[in-house]
């Protein structure tokens, strides 16, 4: 009797299995998209959120100061593909500093095609709205940093924010005489810079500052000229921690940390850009600063480590948001 009952149970289980086979469905389309592009870290009493705007493909030929073979070797060492170019992130950073919400750079908006322009979307995914942003601090006026300031209809994308740019940067990109004397291929960049800040200038909310000025408690500008005439970093400090948001100091982490003498063709003053990079690398490594870069692999946060006469990039590890480290 027991044997018969056991047999009946096994038969019933087998029939049930046949009646309800396991189906492995193809992954839905939404599983082929990436997670929202934001990453948070604590900095003393502040919270810093890295925002991913998208990516651009940089042609290795734009890197100057080393042989093509050396550059290819450095890229290959990091397993980077160079066709159609080296995929390079565009990042911005949101700093929640007390009662102020500060955005450092605004991304590229619609200036550079479908692979960019995601700052607004990722800012909302991180739990904020554009209306909450109090200040936008620009490292410089290149379109991948400033075009996100304006909405599609030419209105401020951050309607309650003041926009800050260094005096030297403003005096170059927003000066009509300088623009008129610039080479023809640079003219679109002058126009995009002006169009980006115009909605704020009309409302008296475009502010200029001098190199090294303290802009807010815990926020100081850092002169970093070379890539552009008024290129600026921002030192964010709270309690015993500091983070330097350095803009375009580095465009290729695989090349320029080990070879800081390599410049980018788009640098306005390559010699100055190289000197600035070397000095900031040395200071960041010595002082063990947190750093954040606009073109470092997302989230673009980490440290600089000294390696003899060269340097290495040490990216942040994913983990809890803690202010005690």
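The values are calculated or read from the model by the stated rules, or taken from the named source; none is laboratory data. Given the structure is predicted, the values throughout are model-derived calculations rather than measurements. When we count neighbours, we look across all protein chains shown, and the Cβ atoms used for this are built from the backbone with ideal geometry, even at glycine.
One table, with the values for the structure above:
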quantity: Any chance residue 150 is in contact with a helix residue (DSSP H, G or I) (Cβ under 7 Å, 6 or more places away or on another chain) and modelled with pLDDT under 95; calculated: no
quantity: In the range 123-133, the residues that are farther than 30 Å from residue 179 by Cβ, assigned to a loop (DSSP other than H, G, I, E, B) and touching a helix residue (DSSP H, G or I) at 6+ places or on another chain (Cβ under 9 Å); calculated: 129
quantity: Unique residue being on the phi < 0 side of the Ramachandran plot, crowded, with 24+ Cβ neighbours inside 10 Å, under 17 Å from the mean Cα position of the chain (by Cα) and in a strand (DSSP E or B) when the list is 136, 165; calculated: 136
quantity: Residue that is surrounded by the fewest Cβ atoms within 10 Å (Cβ to Cβ), among those in the range 196-206 that are within 25 Å of the chain's Cα centre (by Cα) and touching a residue at least 24 places away in the same chain (Cβ under 8 Å); calculated: 198
quantity: Strands (runs of 3 or more DSSP E) enclosed by the range 207-263 - at least 2 residues per element that are touching a residue at least 60 places away in the same chain (Cβ under 8 Å), under 17 Å from the mean Cα position of the chain (by Cα) and under 21 Å from residue 287 (Cβ atoms); calculated: 232-238, 241-245
quantity: Residue in the range 74-91 that is crowded, with 24+ Cβ neighbours inside 10 Å and either out of contact with any strand residue (DSSP E or B) (no Cβ under 8 Å at 6 or more places or on another chain) or in a loop (DSSP other than H, G, I, E, B) (or both) present; calculated: no
quantity: Criterion: modelled with pLDDT of 95 or more and farther than 25 Å from residue 228 by Cβ - qualifying residue of 25, 35, 97, 50; calculated: 97
quantity: Pairs where the first residue, in the range 178-195, is over 25 Å from residue 156 (Cα atoms) and the second is modelled with pLDDT of 95 or more and surrounded by 17 or more Cβ atoms within 10 Å (Cβ to Cβ), C-beta under 6 Å, 6+ apart; calculated: 178/172
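The rows are residues; the columns are (1) farther than 18 Å from residue 295 by Cβ; (2) in contact with a helix residue (DSSP H, G or I) (Cβ under 7 Å, 6 or more places away or on another chain); (3) in a loop (DSSP other than H, G, I, E, B).
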{"position": "108", "(1), (2), (3)": "no, yes, yes"}
{"position": "114", "(1), (2), (3)": "yes, no, yes"}
{"position": "141", "(1), (2), (3)": "no, yes, yes"}
{"position": "144", "(1), (2), (3)": "no, no, no"}
{"position": "154", "(1), (2), (3)": "yes, yes, yes"}
{"position": "158", "(1), (2), (3)": "yes, yes, yes"}
{"position": "171", "(1), (2), (3)": "yes, no, no"}
{"position": "178", "(1), (2), (3)": "yes, yes, no"}
